[in-house]
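Note sheet for the following structure.
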Amino acid sequence: MSEDSAWHRHDAACAAGEATYTDPHSGYRVFTRVGLLARGTCCGAGCRHCPYAHEQVPMGQRGQTIQQPAWLSDSRPSDSTPTAAVFWSGGKDSFLALRRMRNEQTHDVVLLTTFDAQSKIIAHQNLHIDVVVAQAEQLATPLIGIPLHAHHDYLTQLVPAFAMIERCQVLVFGDLHLQHIRSWREETFSQDPRTAHYELRFPLWGEAYDVLIQELATAGVACRICAIEHKALAAMPDINLGTRFDRALVARLPDGVDAFGENGEFHTEVEFRAAPPSNET
């Protein structure tokens, strides 16, 4: 039986006002959101439908435990400054988007990271959520983790995370030039009444790669290849997991491979040095 039948059972049980439903895979009785709300507080067990942002789960265990959006850092944004939520993958594009938002100095910043609810792995980047937790600590930036469940509506899973950021006005994406992805984001968020009021920003959109590579060098961070598409391996025989992404690597990429891996050829992980990277340009 698939996970989506479990979510369908949960939604049906909630619609009927029931406190539990039977999980179709395990046969166990599982508390619904309705049932958990009736308890009044988080029990700290990492319940699948926790409506309390897993507030009683110890911070050090949350990355491994949570089934709903939750803070994965002790830091929080200011309660008096508008906040921008940066969609954070742990790689170079999201880092550069974060850096540009910080340079504007108009918003506090929160990182939002989606990951597979079962494997705890961030899609495409192939990084464990614990890697991103460590990055957020090094950046001294608040982080919300959003575990994604298969066959469950994407926006429905994101909305509770947005609600946790009281002064959130802006959603920030590190997209560079893929129009179909940007268009999908704009249509998805603007057409849903739960998210239509957010401003979507794409601070790297259309920027020259030379400029972005120089920004990475100026920021004093190291970027390394953390995932390579299977079909791209043959085209890049001398590039491996752990290879440093920099101007020298870009110069030796073969024709047909996007310099920033925007067609999915490869993905990167940002590694910080002893101090968090500077925001100076």
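The values are calculated or read from the model by the stated rules, or taken from the named source; none is laboratory data. These numbers come from a predicted model, not from an experiment. Cβ: placed from backbone, ideal geometry, glycine included. Neighbour counts: every protein chain shown. For accessibility, only protein heavy atoms count, side chains too; no ligands or nucleic acids. Shrake-Rupley method; radii C 1.70, N 1.55, O 1.52, S 1.80 Å.
Among the residues of region 138-190, those that are without any contact (Cβ under 8 Å) to a residue 24 or more places away in the chain and either crowded, with 17+ Cβ neighbours inside 10 Å or more than 24 Å from residue 55 (Cα to Cα) (or both) comprise 179, 180, 181, 182, 183, 184, 185, 186, 187, 190. Residue count for region 232-251, restricted to those that are under 29 Å from the mean Cα position of the chain (by Cα) and assigned to a helix (DSSP H, G or I): 5.
Quick check: anything in region 239-250 without any contact (Cβ under 8 Å) to a residue 40 or more places away in the chain, open to solvent by less than 20 Å² (accessible area, probe 1.4 Å) and not basic (Lys, Arg)? Step through it out loud before you land on a result.
Taking region 239-250 first, the residues without any contact (Cβ under 8 Å) to a residue 40 or more places away in the chain are 239-244, 246-249.
Filter once more, keeping what is open to solvent by less than 20 Å² (accessible area, probe 1.4 Å): 239, 249.
From what's left, not basic (Lys, Arg): 239, 249.
Yes - at least one qualifying residue is present in region 239-250.
Restricting 135, 118 to residues that are at pLDDT below 95 and not β-branched (Val, Ile, Thr) narrows the list to 118.
Of all residues in region 203-220, those that are assigned to a loop (DSSP other than H, G, I, E, B) and buried (at least 19 other Cβ atoms within 10 Å of the Cβ) total 2.
Kindly establish whether residue 111 is touching a Ser or Thr at 6+ places or on another chain (Cβ under 6 Å) and among the aliphatic types (A, V, I, L, M). Spell out how you get there, then give the answer.
Values: touching a Ser or Thr at 6+ places or on another chain (Cβ under 6 Å): yes; among the aliphatic types (A, V, I, L, M): yes.
Answer is yes for this residue.
I'd like to check something: does region 175-186 contain any residue that is of a type in the set (Phe, Trp, Tyr), over 26 Å from residue 133 (Cβ atoms) and out of contact with any helix residue (DSSP H, G or I) (no Cβ under 8 Å at 6 or more places or on another chain)? Checking region 175-186: at least one residue is of a type in the set (Phe, Trp, Tyr), over 26 Å from residue 133 (Cβ atoms) and out of contact with any helix residue (DSSP H, G or I) (no Cβ under 8 Å at 6 or more places or on another chain). Among the residues of region 50-71, those identified as within 19 Å of the chain's Cα centre (by Cα), under 20 Å from residue 156 (Cβ atoms) and buried (at least 18 other Cβ atoms within 10 Å of the Cβ) are 53, 54, 66, 68, 69, 70, 71.
In this structure, residue 140 does satisfy being among the small types (Gly, Ala, Ser) and under 18 Å from residue 81 (Cα atoms).
The set of residues from region 13-49 being hydrophobic (A, V, I, L, M, F, W, C), open to solvent by 20 Å² or more (accessible area, probe 1.4 Å) and part of a loop (DSSP other than H, G, I, E, B) comprises 16, 19, 43, 45, 47. Criterion first (at pLDDT 95 or above, open to solvent by 10 Å² or more (accessible area, probe 1.4 Å) and of a type in the set (Asp, Glu)) does residue 130 satisfy it? Here the answer is yes, as residue 130 does meet what is asked. For region 19-56, filtering for residues that are of a type in the set (D, E, K, R) and more than 25 Å from residue 72 (Cα to Cα) leaves 2.
With respect to residue 196, determine if the residue is in a loop (DSSP other than H, G, I, E, B), free of Cβ contacts under 8 Å to residues at least 24 places away in the same chain and more than 15 Å from the chain's Cα centre (by Cα). Can you show your working first?
On the way: in a loop (DSSP other than H, G, I, E, B): yes; free of Cβ contacts under 8 Å to residues at least 24 places away in the same chain: yes; more than 15 Å from the chain's Cα centre (by Cα): yes.
Yes; evaluated as a whole, the condition is true for this residue.
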